[in-house]
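The values are calculated or read from the model by the stated rules, or taken from the named source; none is laboratory data. A quick note: this is a predicted structure, and the numbers were derived from the prediction, not measured. Glycine gets a Cβ as well: all are built from the backbone with ideal geometry, and neighbour counts include every protein chain shown. For accessibility, only protein heavy atoms count, side chains too; no ligands or nucleic acids. Shrake-Rupley method; radii C 1.70, N 1.55, O 1.52, S 1.80 Å.
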Amino acid sequence: MTTADTATDQYTALARVLDERWTCRQFRPEPVPREVIETLLRLAQRTASWCNTQPWQVVLTEGAGTDRFRAELLAHIQTATPEPDFPFPAQYTGVFRDRRRECGMQLYDSVGISKGDHEKTMRQAVRNFELFDAPHVAIVTTEADLGVYGAVDCGLYLGNFLLGAQALGLGAAPQAALASYAPFIRGYFGIPDNRRVVAGISFGYPDTEHPINGFRTSRADPDQVATWFTG
């Protein structure tokens, strides 16, 4: 096999995983075997980082550990005020607002939530804190002293975790919503104060029969995001 053939095969494999990856919002109950999760972690660990600092640390749940966390998180959000370690977007305008609305409408349409039905919309939002019934969740944190660059590195890790999950036949849902209760998460899992919560990832085997897993979001054309300077 030539170098060109190898490059073509690698491109094809990567393109397939990227094209097929999607956010799973309903999971089957059976757990993922520990050896499969360990394979996923080894894949994600190959993530590039600033000066090879590899700032990510991951807390994972399984079995009763997931069930207890889910129950206590749900109880906590009933009375607590969100306190994310990293500020959430101040607002969505222009094309960013349009893309967000498109995704939201697809999601609500998939489960029959009509525009203006605030009760059902809120109920769907709470599904984030039920972990979409996933048997596992991963909490990704970064070192506080590394600031935004540590968070960026963790974003790369999250992306590779999602791609690894797709390649292994798993479903995964990246969730900033979990990071909105960072102090609770730190206290619950005994995470040191020098760690900042970046995001959670609910994961497991996808329930492909559930309608909420039937839609796919669009992507902008590269010409809409790339600017060329040639002189």
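How much length is gained if the chain between Glu38 and Leu60 is pulled fully straight, taking 0.36 nm per residue apart and subtracting their Cα-Cα distance, in nm to one decimal?
Working: separation 22, 0.36 × 22 = 7.92 nm, distance 1.09 nm.
Length gained between Glu38 and Leu60: 6.8 nm.
The slack between Asp67 and Ala80, meaning 0.36 nm per residue of separation minus the straight C-alpha distance, is 2.7 nm. In segment 22-216, the portion of solvent-accessible area held by carbon and sulfur atoms comes to 54 percent [1.4 Å probe, whole percent, DNA, RNA and ligands not counted]. In units of the compact-protein estimate 2.2 N^0.38 Å, the chain shows a Cα radius of gyration of 1.08.
Within the chain, which is the longest segment that contains none of the trypsin sites (Lys or Arg not before Pro) sitting in a DSSP loop with at most 15 other Cβ atoms within 10 Å? Please report the intermediate quantities before stating the final value.
On the way: sites that count: Arg46, Lys115, Arg216, Arg219.
Result for the longest clean stretch: 116-215.
Only DSSP H runs of four or more residues enter the estimate; each adds -39500 (n - 2.57), and after division by the residues of the chain the mean residue ellipticity at 222 nm equals -14000 deg cm²/dmol.
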